[in-house]
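The values are calculated or read from the model by the stated rules, or taken from the named source; none is laboratory data. Computed from a predicted model, the values in this text were never measured in an experiment. Cβ coordinates were reconstructed from backbone atoms using ideal geometry, including for glycine residues, and neighbour counts include every protein chain displayed.
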Amino acid sequence: MLYVTDTHAFVWYIVGRLPNRVDNIFKSAETGNSTIFIPTIVLAECLYLVENGKIKLDFEDLLMRIDMSKNFIVTSFNFQLLKLLPEIKLNEIHDRIIVATAKMLKAKLVTRDLEIVKSGIVETVW
């Protein structure tokens with residue numbers, strides 16, 4: 001199974017606050033049974049949260065663990081994603097990039113963001 005994570009879900013995974021159903025999605029990636037794509041914008045938002053004292057974690061260690069993982073894959077913002085943005089009618093540009101990533105990869109989006117869920121642009125799970 002293929003998933004894309006939004007920032008909220010990824011941060012809650014890191015700090016151990018996900019509900020069991022969603023945590024099981026991340027655990028399935030840990031065991032090699034699924035793949036979770038992490039948009040670079042999600043990692044940039046994590047860095048912002050660390051630098052502003054909103055979450056405590058070793059960002060360099062996080063990047064190293066992701067880099068070593070086969071089932072957590074970082075995806076970059078690129079021209080192909082940019083071309084999808086005009087058709088994604090959401091308020092936040094970060095959300096538009098994350099949704100475009102899920103759409104491009106034909107993956108389910110792990111999010112509880114109500115605007116994204118209600119939009120129906122991509123399949124969401126929480």
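The table below lists the values:
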read-out: Contacts under 8 angstrom Cβ, first residue in the stretch 33-48 being over 11 Å from Phe77 (Cβ atoms), partner surrounded by 17 or more Cβ atoms within 10 Å (Cβ to Cβ) and among the polar types (S, T, N, Q), 6 or more apart; value: Ile36/Thr5; Phe37/Thr5; Phe37/Thr75; Phe37/Thr101; Ile38/Thr5; Ile38/Thr75; Glu45/Thr7; Cys46/Thr7
read-out: Any pair with Cβ under 7 angstrom, 6 or more apart, that starts in the stretch 17-30 at a residue that is surrounded by 19 or more Cβ atoms within 10 Å (Cβ to Cβ) and ends at one that is not hydrophobic (A, V, I, L, M, F, W, C); value: Ile25/Tyr3; Ile25/Ser34; Phe26/Tyr13; Ala29/Thr35; Ala29/Asn71
read-out: Residues located in the stretch 63-84, provided they are within 15 Å of the chain's Cα centre (by Cα), under 14 Å from Ile36 (Cβ atoms) and not polar (S, T, N, Q); value: Ile66, Phe72, Ile73, Val74
read-out: Residue check for Lys70: farther than 20 Å from Trp126 by Cα, in contact with a helix residue (DSSP H, G or I) (Cβ under 8 Å, 6 or more places away or on another chain) and not in a helix (DSSP H, G or I); value: no
read-out: Test: residue in the stretch 59-73 that is under 18 Å from Ile25 (Cβ atoms) and charged (D, E, K, R); value: yes
read-out: Selection status of Ile88, among the hydrophobic types (A, V, I, L, M, F, W, C), surrounded by 11 or more Cβ atoms within 10 Å (Cβ to Cβ) and touching a helix residue (DSSP H, G or I) at 6+ places or on another chain (Cβ under 6 Å); value: yes
read-out: The stretch 58-71 residues that are in contact (Cβ under 8 Å) with a residue 12 or more places away in the chain, paired with ones that are surrounded by fewer than 11 Cβ atoms within 10 Å (Cβ to Cβ) and among the small types (Gly, Ala, Ser) (beta carbon under 8 Å, 6 or more apart); value: Lys70/Gly32; Asn71/Gly32
read-out: Residue match in the stretch 50-63 (condition: crowded, with 19+ Cβ neighbours inside 10 Å and closer than 24 Å to Met1 by Cα); value: no
read-out: Scan of the stretch 92-126 for residues that are in a loop (DSSP other than H, G, I, E, B) and within 26 Å of Arg17 (Cα to Cα), ordered by number; value: Glu92, Ala107, Thr111, Arg112, Asp113, Gly120, Val122, Glu123, Trp126
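Yes/no per residue for (1) over 14 Å from the mean Cα position of the chain (by Cα); (2) at pLDDT 95 or above; (3) over 23 Å from Met104 (Cβ atoms); (4) among the aromatic types (Phe, Trp, Tyr):
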residue	(1), (2), (3), (4)
Ala9	no, yes, no, no
Gly16	yes, no, yes, no
Pro19	yes, yes, yes, no
Lys27	yes, yes, yes, no
Ile36	no, yes, no, no
Asn52	yes, yes, yes, no
